[in-house]
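The numbers here are math on the coordinates, done by the rules we state, and not lab data. Since this is a predicted model, take the numbers as computed values, not measurements. Neighbour counts run over all protein chains shown; Cβ positions are idealised from the backbone, glycine included.
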Amino acid sequence: MPVEFKDYYASLGVPRDASAEEVKKAFRKLAREHHPDKAKDKKAGEEKFKEINEAYEVLGDPAKRQKYDQLGARWKEGAGFQPPPGQQHGAWTSPDGSQHYEFNFGGSTGFSDFFEQFFGRGGGGGFSFGEEDFGQDRAAMRGNDIEGDLLVTLDEVINGSARSISLQRVDPRTGHARTETIRVRIPPGVREGQSIRVRGKGGEGANGAEAGDLYLRVRLAAHPDFRARGADLYYELDVAPWEAVLGAEVVVPTLGGRVKVRIPPGTNNGQKLRVRGQGLPRGQGGERGDFYVVVDIQLPEKLSDEERALWERLSRTSQFNPRKPS
Amino acid sequence: MNAVQLFETDANAVYTIEEAARLANVPRHQIAVYYKYGLVSPAKDPDDVGWFFNDDAIRALRRIEYLRSTRGLNLAGIKLVLELMREVEVLSQEVRFLRQR
């Protein structure tokens with residue numbers, strides 16, 4: 001099953017020797033530009049946003065990036081692209097053992113075939129349940145479950161959404177491929193790593209037994225501004241040294257709009273300021289996680305003569321000694 | 001092309017032990033054994049409302065069955081594997097979170 005090779009470096013517009021920091025910067029810039037909430041053409045924006053996210057998922061992770069670089073080199077050699085041996089079973093793995101069917105996936109799970117093949121649950125890395133055929137000697141055997149990743153944006157976590165997912169099943173006995181499209185409603189409040197079970201959409205059962213289920217594992221899309229941890233959201237706020245020392249009021253973006261945050265005088269670098277109830281929904285009960293503003297003190301890189309004079313005056317006047325033994 | 005089927009997934013769905021046994025293809029008494037061993041936990045307090053399992057538990061049951069029947073692990077081995085997997089999952093989520101900074 002040849003899959004189309006994805007050039008993740010091109011997706012992010014970075015050279016192959018880009019540093020981790022450059023990759024992150026490129027991701028943030030593009031993600032801001034193409035974020036479904038901001039892009040003018042919502043549909044195209046979403047596609048592009050997912051592409052960038054997928055590229056970042058791989059290039060932003062040193063282990064995945066290394067693996068990808070090795071693949072890339074091999075791919076360049078030959079005309080076609082064949083997955084390495086032992087992985088030709090396709091995108092979906094069955095978590096409970098035997099695998100009589102081959103599955104390809106399509107539609108908008110958010111990840112490309114290529115990603116699923118090499119970096120998804122079944123793609124070698126992580127724990128893969130399956131690949132072991134224990135025969136069909138049992139009379140009626142329930143169909144296998146299939147697992148796959150589903151890329152969900154933070155906005156979808158808040159509002160929920162519906163996705164079309166296509167499954168291609170290849171029956172190994174006949175070699176006949178059949179594509180089936182289903183629509184799955186993603187409930188609001190899903191969390192990273194949670195499984196969404198789609199009943200009866202796994203492998204077919206043997207001898208009249210029930211079909212297996214399809215498990216979609218939620219992966220939260222990286223957001224250019226916010227990081228999610230459980231139902232809580234984190235936002236890095238750049239702060240001037242005097243704002244941290246003297247205190248300030250700053251308007252920060254949240255997923256639902258903007259909030260005014262008061263930085264108390266004497267706020268330290270890395271300190272977290274909590275805005276209650278502005279995080280992601282916790283389940284479907286209407287309760288929401290918190291929003292944390294993480295203070296990141298930035299130092300001015302270029303100083304005017306006047307600024308330098310002021311800092312010098314401060315250094316002469318100040319009694320503060322950060323290395324004073326306590 | 002036929003009309004596309006729409007699936008309303010319910011993240012909060014719970015099943016009785018009979019349903020769980022059928023869905024996971026594990027006998028009821030076996031589920032009780034797994035519960036006693038701390039391999040699977042009902043979504044609600046069994047002493048309070050009886051045994052109810054959610055989708056995560058169904059998935060866990062199937063994994064346990066797979067590890068037992070196909071991989072030949074005993075209960076202690078399964079417990080260790082599940083714990084390690086859970087830990088790896090938590091750690092990789094934390095790494096992802098930290099790396100996004």
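Of the residues A:E147, A:E210, the one with the fewest other Cβ atoms within 10 Å heads the list, and the complete ranking is A:E210, A:E147.
Other protein chain C-beta atoms within 10 Å of residue C-beta, averaged over A:193-200: 5. Compute the distance in nm between two label points, each set 7 Å from the Cα along the Cα-to-Cβ direction, one at A:S318 and one at B:V81. In this crude label model, A:S318 to B:V81 measures out at 5.8 nm. Of the peptides A:212-221, A:293-302, the order by per-residue mean of other Cβ atoms within 10 Å, starting with the highest, comes out as A:212-221, A:293-302.
Based on C-alpha pairs under 8 angstrom that are at least 6 apart in sequence, the range B:14-99 has a relative contact order of 26 percent. Rounded to whole numbers, the Karplus 3J(HN,Hα) couplings from phi for the range A:226-238 are 10, 10, 10, 9, x, 8, 8, 10, 10, 10, 8, 10, 6 Hz, using 6.51 cos²θ - 1.76 cosθ + 1.60 with θ = phi - 60°, and x at Gly and Pro. For the residues of B:51-64, the average number of beta carbons from a partner chain within 10 Å of their own beta carbon is 3. Using the Cβ-Cβ distance between A:E249 and A:E22 with R0 set to 35 Å, the FRET efficiency works out to roughly 0.55. Note that the range A:288-294 has calculated 3J(HN,Hα) couplings of 10, x, 9, 10, 10, 9, 9 Hz, one per residue in order, obtained from phi through the Karplus relation 6.51 cos²θ - 1.76 cosθ + 1.60 (θ = phi - 60°); glycine and proline are x. Please report the spacing between the Cα centers of the range A:297-326 and the range A:248-284 in Å, no decimals. Using only Cα atoms, the two centres lie 28 Å from each other. Candidate cross-link partners of A:K260 among the aspartates and glutamates, defined by an alpha-carbon separation under 14 Å and a same-chain spacing of 8 or more, comprise A:E249.
Taking a ≥ b ≥ c as the square roots of the eigenvalues of the Cα gyration tensor of the range A:252-326, is the shape rounded (a/c under 1.5), prolate (a/b larger than b/c) or oblate? Since a/c reaches 1.5 and a/b is larger than b/c, the shape of the range A:252-326 is classed as prolate. Listed by chain and number, the lysines whose C-alpha is less than 27 Å from the C-alpha of B:K36, apart from same-chain residues fewer than 8 away, are B:K44, B:K79. Computed from the C-beta positions of A:D7 and B:D10, the FRET efficiency with R₀ = 51 Å rounds to 0.85. Checking the Cα-Cα distances for A:K25/A:K67; A:K42/A:K201; A:K6/A:K48; A:K29/A:K50; A:K24/A:K50; A:K43/A:K67 against a 24 Å cut-off, the pairs over it are A:K42/A:K201; A:K43/A:K67.
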